[in-house]
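In what follows, a structure is listed as structure tokens, so that the remarks can point back to it.
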Amino acid sequence: MTEKDFIPKAYPAAVEHGEVTWQSPSNIALVKYWGKLDNQIPANPSISFTLDSCRTTTKLKFQKKQKSAADFDFRLLFEGEEKDAFRPKILKFMQRVEPYLPFLKDYEFTIETSNSFPHSSGIASSASGMSALALCLMSLERQLNPEMDEEYFTRKSSFLARLGSGSACRSIEGELVVWGMHNNIYRSSDLYGVPFRDEVHDNFRNYRDTILLVDKGEKQVSSTLGHDLMNDHPYAETRFRQAHDNLDKLKKIFRSGDLSEFIKVVESEALTLHAMMMTSQPYFLLMKPNTLAIINKVFRFREETGLHLCFTLDAGANVHLLFPEKEAQETLEFIESELKQYCQNGQYINDRVGSGAKKLA
Ligand code: DP6
């Protein structure tokens, strides 16, 4: 599919008003998206686990205007309260997706949104938030075009979510999603995420992700600035090539179920992401002392127990701990007794791999 396939023809149906609600999860990248070209095209392919309980619920109410206006018209309520701080991001999203949703200026919208995870936990809400909004808008488009098939609905939802926030395009479906062209991944695309359709070993079923909230403050580096750091980065080309290679490695690992090899790829990706930030101009150090303390404890735990606990990081100090379901009991006990102390207010979130966004009745 190309961008043009997402530009609709005249709509066969008319819709006056209504509402729709979607719940969309966050995701955690195993091979990281870091660096982008114009129009939210990723510099390298990435793959993520879709999460389950970290999610955003968004209700979209729509009312057709008497006549189409020159401007977008929307109210934004976050956890029940008007939230002006989020308006610029939504407005930018609307401007970017308008060519693909030409009805946007014909309606007054109310967007009511809330997150399952604690507010300002440092967990990126743009992936779950943007994907939930994209799905709501697609539900309206489906009412305007009832012939729309499921495949188109899903692909276009991911396509629109990407225009809001790159990683959001990986939050529509489960359980493993690839975004970005990769030679050996069937139907992979720079325009939207696709489910990873190869064989996946049972070791990865119900994989766990416990998120340790080390630093709940505002992000030090916005994602826009962060991705820009990869322009003219001295190691950019090598890094982008490495992401392709790591996806090849993961493809084999998912088939074989080799957890030790899985850990090598995933932890190296996390540290590479931070290494890119440390070696860019300007440079950023986003890990905190507690991030490092946790990582060292994870290494020691592995050595002592032979279990397969590993870490990954986003562009911040929080740590995602990934581990197989069958090792969950011992690992969770270790987290509670040894790692909780490094979390702000002792806070962490137990999540696991999930199956993607859901429409609520
Ligand atoms: C480090 O998707 O937040 O989490 O496209 O600018 O909205 P924008 O960036 P964003 O970047 C996420 C980067 C990452 C790695 C990843 O999720 O792949």
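The values are calculated or read from the model by the stated rules, or taken from the named source; none is laboratory data. Predicted model, so just to flag it, every value in this text is computed and none were measured. Here the Cβ is made from the backbone with ideal geometry for all residues, glycine too, and neighbour counts use every protein chain on show. When the accessible area is computed, the model is the full protein with side chains, heavy atoms only, and any ligands, DNA or RNA have been set aside. Shrake-Rupley method; radii C 1.70, N 1.55, O 1.52, S 1.80 Å.
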Completion exercise
All-but-one check, W34 against (1) in a loop (DSSP other than H, G, I, E, B); (2) surrounded by fewer than 16 Cβ atoms within 10 Å (Cβ to Cβ); (3) not acidic (D, E), failing number (2)
Practice task
For the range 340-361, enumerate the residues that are over 11 Å from T210 (Cβ atoms) and part of a strand (DSSP E or B).
Solution key: V353, G356, K358, K359, L360
Exercise for the section: For residues that are more than 15 Å from L259 (Cβ to Cβ), free of Cβ contacts under 8 Å to residues at least 60 places away in the same chain and of a type in the set (A, V, I, L, M), tally how many sit in the range 197-225. Expected result: 1
Completion exercise
Flagged in the range 171-219 as of a type in the set (D, E) and either in contact with a Cys (Cβ under 7 Å, 6 or more places away or on another chain) or open to solvent by less than 60 Å² (accessible area, probe 1.4 Å) (or both), in numbering order, are E173, D190, D198, D209, D215
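When you go through T238, T224 one by one, which is the residue that is surrounded by fewer than 16 Cβ atoms within 10 Å (Cβ to Cβ) and either aliphatic (A, V, I, L, M) or within 16 Å of the ligand (Cβ to nearest atom) (or both)?
Numbers: T238 fails: either aliphatic (A, V, I, L, M) or within 16 Å of the ligand (Cβ to nearest atom) (or both).
Result of the check over T238, T224: T224.
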Practice task
Mind listing just one residue for me: the one in the range 164-222 that is aliphatic (A, V, I, L, M) and assigned to a loop (DSSP other than H, G, I, E, B) and, of those, nearest to L285 (Cα to Cα)?
Solution key: V221
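Which residue is most open to solvent (accessible area, probe 1.4 Å), if the candidates are limited to the range 243-257 and must be part of a helix (DSSP H, G or I) and free of Cβ contacts under 8 Å to residues at least 60 places away in the same chain?
In the first step, residues of the range 243-257 are kept if they are part of a helix (DSSP H, G or I); the result is 243-256.
Filter again for free of Cβ contacts under 8 Å to residues at least 60 places away in the same chain, leaving 245, 249, 252-253, 255-256.
Details: D245: 82, K249: 111, K252: 140, I253: 11, R255: 108, S256: 71 Å².
So the residue we want is K252.
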Practice task
Considering every residue within the range 106-113, establish whether at least one is farther than 28 Å from T312 by Cα and outside any strand (DSSP E or B).
Solution key: yes
Exercise for the section: Determine whether S260 is outside any loop (DSSP other than H, G, I, E, B), of a type in the set (S, T, Y) and not assigned by TED's automatic domain parsing to the domain that holds S157. Expected result: yes
Fill in the blank from the handout: Residues in the range 155-205 that are away from the ligand (no atom under 13 Å from the Cβ), of a type in the set (F, W, Y) and closer than 16 Å to L30 by Cα total 2
Problem - Breaking point among (1) open to solvent by less than 50 Å² (accessible area, probe 1.4 Å); (2) within 16 Å of the ligand (Cβ to nearest atom); (3) among the aliphatic types (A, V, I, L, M), for L91 - result: (1)
Fill in the blank from the handout: The condition from (1) in contact (Cβ under 8 Å) with a residue 24 or more places away in the chain; (2) more than 30 Å from Y186 (Cβ to Cβ); (3) within 16 Å of the ligand (Cβ to nearest atom); (4) open to solvent by 70 Å² or more (accessible area, probe 1.4 Å) that S68 misses is numbered (3)
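For W22, are the conditions met, namely being among the aromatic types (F, W, Y), within 14 Å of the ligand (Cβ to nearest atom) and open to solvent by 10 Å² or more (accessible area, probe 1.4 Å)?
It is false that W22 is among the aromatic types (F, W, Y), within 14 Å of the ligand (Cβ to nearest atom) and open to solvent by 10 Å² or more (accessible area, probe 1.4 Å).
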Exercise for the section: Any residue in the range 76-104 that's touching a residue at least 12 places away in the same chain (Cβ under 8 Å) and under 25 Å from V15 (Cα atoms): show its pairings with residues that are in a loop (DSSP other than H, G, I, E, B) and open to solvent by 70 Å² or more (accessible area, probe 1.4 Å) at Cβ separation under 7 Å, as long as the two are six or more apart or on different chains. Expected result: P99/I7; Y100/I7
